[in-house]
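The next block holds one structure in the form of structure tokens; read it before the comments.
Please treat every number below as a calculation from the coordinates, not as lab data. Note that the structure is predicted; figures quoted are calculated from it, not measured. Backbone-built Cβ (ideal geometry, glycine too); neighbour counts: all protein chains shown.
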Amino acid sequence: MTANSLPLAVHCAGITKAYGSGDTKVQALRGVDLDVVAGELLMLVGPSGCGKTTLISIIAGILDQDAGQCLLFGEDIVGFAPKERVLYRGRNIGFVFQSFNLIPTLTAAENVAIPLLINGMAMPGAIEHADARLAEVGLAGRERSLPTQLSGGQQQRVAIARALVHNPKLVVCDEPTSALDHETGFKVMETLKQLAVGHDRALVIVTHDARIFSFADRIAHMDDGKIVHIDVPSPKAGAATP
Amino acid sequence: MLKIALKMLLGDRGKYIGIVTGIALASVLMIQQPGILISIFSRTYSFITDVALPDIWVMDPMVRFIDDSQPMLDTQLYRVRGVQGVEWAVPLYKGNTRVRMANGQLVTSNILGLDDATLIGGPAIILEGRLADLRLPDSVIIDEAGAKGRLAKPSPVPGGKPTPLKVGDSLEINDKRAVVVGIAQATATFGSQPIIYTTFTRARSYSLSERKMLSYILVKTKPEDTVSAVAGRINQATGMAARTAHEFKTMTLEYFRKNTSILTNFGFVVVVGFIVGAAVTGQIFYNFTLDNLRYFAVFKAMGATDRMLQGMILLQALLVGFVGFGLGAGVTGLFAALTQGSTGLAMTLNWQLLVGSSIAVAIIVLFAALISVRKVMQLEPAVVFK
């Protein structure tokens, strides 16, 4: 897959971001330029504190950059009114977290239904869609299970179903396999790659886990707040088999 | 999302029960204590309430409350009867006497001497016997609480259960014989003393030590006159104070409010209940929100609007408030039902009290919701990746 043949899902240019001020100021991003095309799975990798999480937060529209421009499917959501921005995020972005962030008192289906409920769908319809998504991630029959009744891999698959249930244009994942063993992480990545990546959807994954690099279409290496180089993973970049 | 909010709340059993219990206890304090206060205060003027017939109570101007009767000359009765607009005026004696029990114990009781001819001022509800039997020699009517309580016949066996007075039993009042001809229902008085009804003339013989016996003159006004106008005329003609039942009740209530610390003490407990309820509930509810903060951040990141999150927290707060208040009001209502008719610490549970306490609980839960909403509104969605 080439970065030129498909429309841009994410276009970041000259992104800078600092936390704190004065002596305590930490420059997290120092002018990041990055394009992600629709249908692409891009991984952001690099050492701790290099700015990966900051960049993915800006891309997802939950953090404002200090300077530069970040367009999502051609739209600069920083310029949106706060409420419009929230609604845009609700319609167009899916999230997968390292620690799953499933609500322990809700069933798997109810957890998956949350993005639909946020977008105004009634509970019965949302549960119906959620059940279908859970079946796609291989959890048919576990719809009424509580997160505590599921294994780590199953919980992450519930989280993937939740990220995809409202058909977002962009899915951002933060260390989706780091809480899982190798085999489970591999299966989760297979599920993600199979379901999340499509012609009209991009997937950005922040990870330290070299075992899953081979799932990426491109890998952006970050260091000290900058993208130092972008490459295409070789088959040896990560174990593509469990 | 409101259903999700409810499931988040109800799923965390420990905190849910903690919050509801906190509100229920605060509700109990805020309903029960004022309920007892209302009951105590209403007892201060219960006799005025029970004597419903007269429009005006005429009394010595120095009288400060119902039990503070200052005897007047009997001639005042005739002067009042001569005032324009007075339909009728009857004497009433209200005082204290001592009843000697079979075991020699003396029991202080209220004695009411009613107009011999009309028996106006007598109890409205006679449980046994007839009011007219007061015209029989040596006859008295006793209130039910007194007959079953302090005036009950002591058991001949030490430590045995006393036997309630009944019609036909005799008593010794101030060294004179009295025969019980009736048992009446009367609202308990402030001192919860037994009430003995008899005629005005007989009350004289039971209270020989007093020279003047006329405590109050009960007056009915003519239909064509206003009560206030007739009261004014009585005041001008006799120099006595003429008050409507409402004025007399208010005066009595004010006396007890100003001269006792009842209101302060009960009010203090109510305020403590409110503060403790607010603090405990606020704290547990806030902790519940803090425990769920990361999920609220996830909701924010996923596109939940501020209004949506505020609605979720408000619904959670209102639910715990509703359930907690319901439990508290239920427990207090049960207490009220169990103590109904008791001469002891009975309480009054009225709709005003329930509305007032529900408003106080609403303030508590809204306070709890407010501090939680504030925390969630300040939350940056970017924390989901931390």
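Translational D (Stokes-Einstein, µm²/s) of the protein assembly as shown at 25 °C and 0.890 mPa s when Rh comes from the Kirkwood sum over C-alpha pairs? The Stokes-Einstein estimate is 79 µm²/s. The Cα atoms of the stretch B:62-132 give a gyration tensor whose axes a ≥ b ≥ c have a/c of 1.5 or more with a/b no greater than b/c, which makes the shape oblate. Residue exposure proxy: A:Ser21, B:Ser27, A:Ser214, ordered by other Cβ atoms within 10 angstrom of their Cβ from fewest to most, comes out as A:Ser21, A:Ser214, B:Ser27. Rounded to 0.05, the FRET efficiency of the B:Thr49 and B:Leu318 pair, given R0 = 51 Å and the Cβ-Cβ distance, is 0.85. Taking the DSSP bridge list for the stretch B:73-239 and keeping only pairs wholly inside it, about 75 percent are antiparallel.
Looking at the stretch A:1-60, the trypsin sites (Lys or Arg not before Pro) that sit in a DSSP loop and have at most 16 other Cβ atoms within 10 Å of their own Cβ are A:Lys25. Considering every alpha-carbon pair of chain B, the percent of pairs per 10 Å bin, from zero through the bin containing the longest distance, is 5, 19, 21, 17, 13, 10, 8, 5, 2, 0. What residues from the stretch B:21-35 fall in the zone where the backbone N is under 17 Å from a label point 7 Å along the Cα-to-C-beta line of B:Thr260? Only B:33-35 pass the distance filter. Overall, the ratio between the Cα radius of gyration of the stretch B:224-306 and 2.2 N^0.38 Å, rounded to two decimals, is 2.43.
A helix-only calculation puts chain B at -16500 deg cm²/dmol for mean residue ellipticity at 222 nm, using -39500 (n - 2.57) for each DSSP H run of at least four residues, averaged over all residues. Here each label is just a point 7 Å from Cα along the line to Cβ, and for A:Arg91 and A:Asp76 those points are 2.0 nm apart. Beta-bridge orientation, the protein assembly as shown: approximately 65 percent antiparallel, per DSSP, counting only bridges with both partners inside. Look at the stretch B:303-310: the mean tally of other chain Cβ atoms within 10 Å of its residues' Cβ atoms is 5.
Spin-label model, A:Asp64/A:Glu183: points 7 Å from Cα along the beta carbon direction are separated by 4.9 nm. Modelled this way, with points 7 Å down the Cα-to-C-beta line, the labels at B:Ile17 and B:Trp351 are 3.6 nm from one another. Could you list the GluC sites (Glu not before Pro) in the stretch B:210-284 that lie in coil according to DSSP, counting only those with at most 11 other Cβ atoms within 10 Å of their Cβ? Sparse-neighbourhood loop GluC sites (Glu not before Pro): B:Glu224.
As a calculated quantity, the FRET efficiency between B:Asp68 and B:Ile363 at R0 = 41 Å, using C-beta atoms, amounts to about 0.55. Under the rule a/c < 1.5 gives rounded, and otherwise a/b versus b/c splits prolate from oblate, where does the stretch B:138-186 land using the Cα gyration tensor? Verdict is oblate for the stretch B:138-186.
Helix B:351-378 axis versus longest C-alpha principal axis of chain B: approximately 20°, rounded to the nearest ten.
Kindly state, to the nearest 0.05, the FRET efficiency for A:Glu84 paired with B:Gln378, given R0 = 22 Å and r defined as their beta-carbon distance. Efficiency, rounded to the nearest 0.05: 0.55.
Per residue, the convex hull spanned by the alpha carbons of the stretch B:73-239 comes to 122 Å³. By other beta-carbon atoms within 10 Å, ranking A:Asp174, B:Asp74, B:Asp12 with the fewest at the front produces B:Asp74, B:Asp12, A:Asp174.
The length gained by stretching the chain between B:Asp306 and B:Ala102 to full extension, at 0.36 nm per residue less their Cα-Cα distance, is 65.7 nm. What share of Cα pairs, in percent, lie more than 34 angstrom apart in chain A? Result: 14 percent of Cα pairs exceed 34 Å. Mean per-residue shielding of peptide A:82-88 is 3, counting Cβ atoms of other chains within 10 Å of each Cβ.
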